[in-house]
Each structure stands twice: as C-alpha cells, then as structure tokens.
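I have placed the structure first, in the form of structure tokens, so that the comments after it can refer back to it.
The values are calculated or read from the model by the stated rules, or taken from the named source; none is laboratory data. No experiment lies behind these values; they were computed from the predicted model shown. Every residue, glycine among them, receives a Cβ derived from its backbone with ideal geometry; neighbour counts consider all protein chains shown. Note: areas computed on protein heavy atoms with side chains; ligands, DNA, RNA excluded. Shrake-Rupley method; radii C 1.70, N 1.55, O 1.52, S 1.80 Å.
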Amino acid sequence: MIIREAGYVPLSIARQYGGGAGLRRHQLRGLNRMLELARTRVPYYRDDPRYARGGPLRELAELAELPVLDKQVLREQPLDRLLADGVDQDRCLSFQTSGSTGRRVRILHDRDSHDYHMAACVRRFLATGRYLPTDRLSHIRPFAPPARMFERFGLFRRHVILSHRPMREIKAELLANRPKVLIGYPVHLRALLRELTPEELARLRRTLRIVLTESELLLPEHRAMFAERFGAPVFDEYSAFEVLNVTYDCRYGRAHLGEDRVYCEIVDAAGNPVPDGEAGQVVVTAFMERAMPLLRYSLGDIGLIEPGRCRCGRRFRTLRLTTGRSNDYVTLPSGERLYPDAFLHLAATHPGISECFVHQDTAGLVRVHVVPSGDPPGEVLATVRDKLFGLAGGEFPLEVVPAETVEITAGGKGRFVTSDYGSPPA
C-alpha cells in the first residue's frame, strides 16, 4: 500500500542513525513476535520440538540456540507447512528463488513487511549521496515488476530492460533512455561492457552518475573495472527473494545490514556464531515477516561482520561477502576447496579472459569453460591451466575448454561453479 510505504520511508531512514541499545531492543521485540508466531501458527515450527522449548528471548544471543534453516527445507516442505495459519496467499507478494541449485522455490511476503522493505530500499539509493528521486534509471534484469503509482509523477522511475534479450537490443534501448542510474547483475554489466563500442560507451557516460550492482558476488576488481569503464561510482546491494534486502552500500563502500528488519549472524558449520572479523555462513532472520517466517535462514553465502563503525555515521553493522556461495565449490584431491571468488578473480585479472565458469563431474574432473576476450584461444587456455595449478599448489584433474557465454540460471544469475563430486574420503 503506497500510503503505508511512504510513511515507512522517514522511519527507515531515521533508524540507521539511532542508538545501539535502542536498535537491539527493536530487534529483540521483532524476533520475539516472530518466534511466537512461528511456534503457534506455522505448522513446520509448531510440530518441531526444537522450537517449542522456552519462552521469549531475553537477549539476542539466545537466538543461536535454535537450529539453522537451510534451503533444502524450503525445497522439500510443502508451501502450506511454512505459511502461518489463516494467511491469504492472494493478498501476499509472491517471489521465486533464482534457481541456482536447479529448482526454483516459491516465497510469500505479507504486504506490511514488503511495504517496509520497499521503503527501506529508498535509503539504498539515498545512501549513495548522488541519487535524486527524479533521476532516469535503467535496470537490466530477468523480469519486469509492475509499475508503481508514484512513477506517474516522475519519481523513482524505473526503465526495465530484460536481460535475456539480444545485446544489440539492450544497447539500443539503454542508450536511448540516457540513464543517470544503471542497475544490473555483475555478469550482465560485464557482458554489456564487452559489447559497447568506444563511441557508445562515451554516449552512455555523458549522463551516467551511478552504477548499482545486485544479486551476485561483486569482486573488488570488477567494482574497480565498472567504475573506470562506466565513469561512475559503483554501489552494491545484497539481497535474496527469501528475505529481500540484506545490505546496501554507503558512500564509503561499506555494506550496511538493514538491521531494522533483518538480524544477521555469521556462523560456523555447527551453526554457532563466530566473532566479528571471522568468516562463516551468512544466516539471517527477517523478523518483520508474518506470512512465511524463516528463522535463522542460511543464505548459502560466506562472509564476515566487519569490526568497527563506519565513518558515514550509520549504526548498522557492515557485512563483507568473501568467497561466494558456501555450497558452490570444487574439491581438489587434497580435500582443499576452490570457491567462486577464485574463478571470478581469474577472469577479472588474467589476460585474454572475459569470463569463466566451472563444473566438476562425479569423477572429480574440473572442467573450466573460458570465454576468451580476443587473444588466440589456444594460448589463453594453456596459461589458464598453469595459473590454476599454481593457485591449487599442484596439478589436479583439469580440462580447460573455450566457451561463448556464461551459463545463466532461470533467475538470470551467472552459474559460475557447479559440482557433482562428493568430498573425498578422509
């Protein structure tokens, strides 16, 4: 509802700067309301004795006594087992996960929590220090959401270009719109840069003021490349359809957690929180949800909470993703793992490569698909082998083959690392 959403905007902006004690009280109240709802009205939690024990949380740390919920549960449980009793599905907002694991899952959000999320998205743009609500914005994405009422008045206008269209059409429409703001997945923005001629890029740069990335791991090398090539500062966002926005960048490049609606933990393999500055799995609880509450939900990514406050003045903690998805890796004969960041870094820094994506088969063979950037493919493939052997500290079953494009999931993301190989026996 547009009126409620508009009313949430100043509240969500003010909460960034409130006191730490007040923020913790707000989170604790939200978590306890959500926990009570889950225990009494959601069949999945109500039937599980692990959630029935105890009363309200007395402090935030007690949330860690509950189990971590992983994506497998969402894939296996019928939707009505995860919905609160009495929820009218027709009155909820429906989303589907990106399908990076091979199967898309339906997610429902109640309208009130979604309105607050949309209001909080306004601060994502304002946090750049460069955005105006009247700026023309082009968004390269897999689907087009419905237009919002305020766009009729020239506010927060979003011009969507579907990412599956031919690049010649994407370029033409983008250049015709003359955007001040460009948003897209990193994989699509890299493809765009490969296709733009110097003259076309110069035309785009005349109006462009901000580049925003989303949905995929953004390496520092790619952030720097986007800033240099597009001629505009780059701001990233971390989100998932299951919990919506998780972090947004401020003008100093730190990713602030939306802690007024999301409680974030970094945990080890056993689900226990780790100290700030130590990497682990990212686990979040979007505590304003009332239709489909997800308690201690593992996003499948690896990151860490950065120690210390940001100089922008926001009280919200900052998160840094480190290696990509925790379940996307290849396993070497030594038992060591190579995560997506290793291959994305290779593509970002190795001469002659535009992109690369990887699959490990059931026998352990790692097949690296390389999208060349112009040099003779044979020479590039040979140097990639040497580079990967050096990175791994020795040889392993490896095949490097040329490819034309990166494989894209049903949700429009790049599928950079997949594996059918089980971990070797100890």
- Query: When ranked by the protection proxy of mean other Cβ atoms within 10 Å per residue, highest first, what sequence do the peptides 20-27, 335-342, 55-62, 249-256 form?
  - Reply: 249-256, 335-342, 20-27, 55-62
- Query: Based on DSSP, what percent of beta bridges with both residues in region 27-162 are antiparallel, to the nearest 5?
  - Reply: 45 percent
- With the Cα gyration tensor of region 13-125 giving a ≥ b ≥ c as the square roots of its eigenvalues, does the rule (a/c under 1.5 for rounded; else a/b larger than b/c for prolate; else oblate) give rounded, prolate or oblate? oblate
- Query: Once you sort the root eigenvalues of the Cα gyration tensor of region 349-421 as a ≥ b ≥ c, which label holds: rounded (a/c under 1.5), prolate (a/b larger than b/c) or oblate (the other case)?
  - Reply: oblate
- Item | Virtual paramagnetic centre 7 Å along Cα→Cβ of Glu306, amide N under 14 Å, in region 241-259 | 247-258
- Item | Added length on full extension, which subtracts the Cα-Cα distance from 0.36 nm per residue, Arg50 to Arg81 | 9.5 nm
- Message: List the aspartates and glutamates whose Cα sits under 14 Å from the Cα of Lys71, skipping any in the same chain fewer than 8 residues away.
- Response: Glu242, Asp301, Asp328
- Would you indicate which of (1) 54; (2) 62; (3) 46 is the value of percent of Cα pairs over 30 Å apart derived from the coordinates of this structure? (3)
- Task: Assign one of three labels to region 217-354, namely rounded, prolate or oblate, based on the Cα gyration tensor with a ≥ b ≥ c the square roots of its eigenvalues; rounded applies when a/c is under 1.5, prolate when it is not and a/b is larger than b/c, and oblate otherwise.
- Result: oblate
- Item | Eligible lysines near Lys171 by straight Cα distance, threshold 17 Å, same-chain separation 8 or greater | Lys180
- What are the extents of the Cα atoms of region 80-215 along their three principal axes, listed from largest to smallest and rounded to whole Å? 58, 36, 24
- Message: From the helices alone, meaning DSSP H stretches of at least four residues, give me the mean residue ellipticity at 222 nm for the chain, per-run term -39500 (n - 2.57), in deg cm²/dmol to the nearest 500.
- Response: -9500 deg cm²/dmol
- Using a simple charge model, +1 on the beta-carbon of Lys and Arg, -1 on the beta-carbon of Asp and Glu, nothing else, what dipole does the chain show about its Cα centre, in debye to the nearest 20? 1920 debye
- Query: For Thr322, Thr247, what's the largest-to-smallest order of accessible area, 1.4 Å probe?
  - Reply: Thr322, Thr247
- Order the peptides 279-285, 295-301 from the highest to the lowest mean number of other Cβ atoms within 10 Å of their residues. 279-285, 295-301
- Counting only DSSP beta bridges with both residues in the chain, what percent are antiparallel, rounded to the nearest 5? 60 percent
- Item | Largest to smallest accessible area among Tyr263, Tyr421, Tyr45 [probe 1.4 Å] | Tyr421, Tyr263, Tyr45
- Task: Quick one: check the C-alpha center-to-center distance for region 278-312 versus region 1-56, whole angstrom.
- Result: 14 Å
- Task: For region 334-413 and region 154-203, compute the distance between their C-alpha centroids and round to whole Å.
- Result: 27 Å
- Considering only protein heavy atoms and a 1.4 Å probe, what is the carbon-and-sulfur percentage of the accessible area of region 5-74? 55 percent
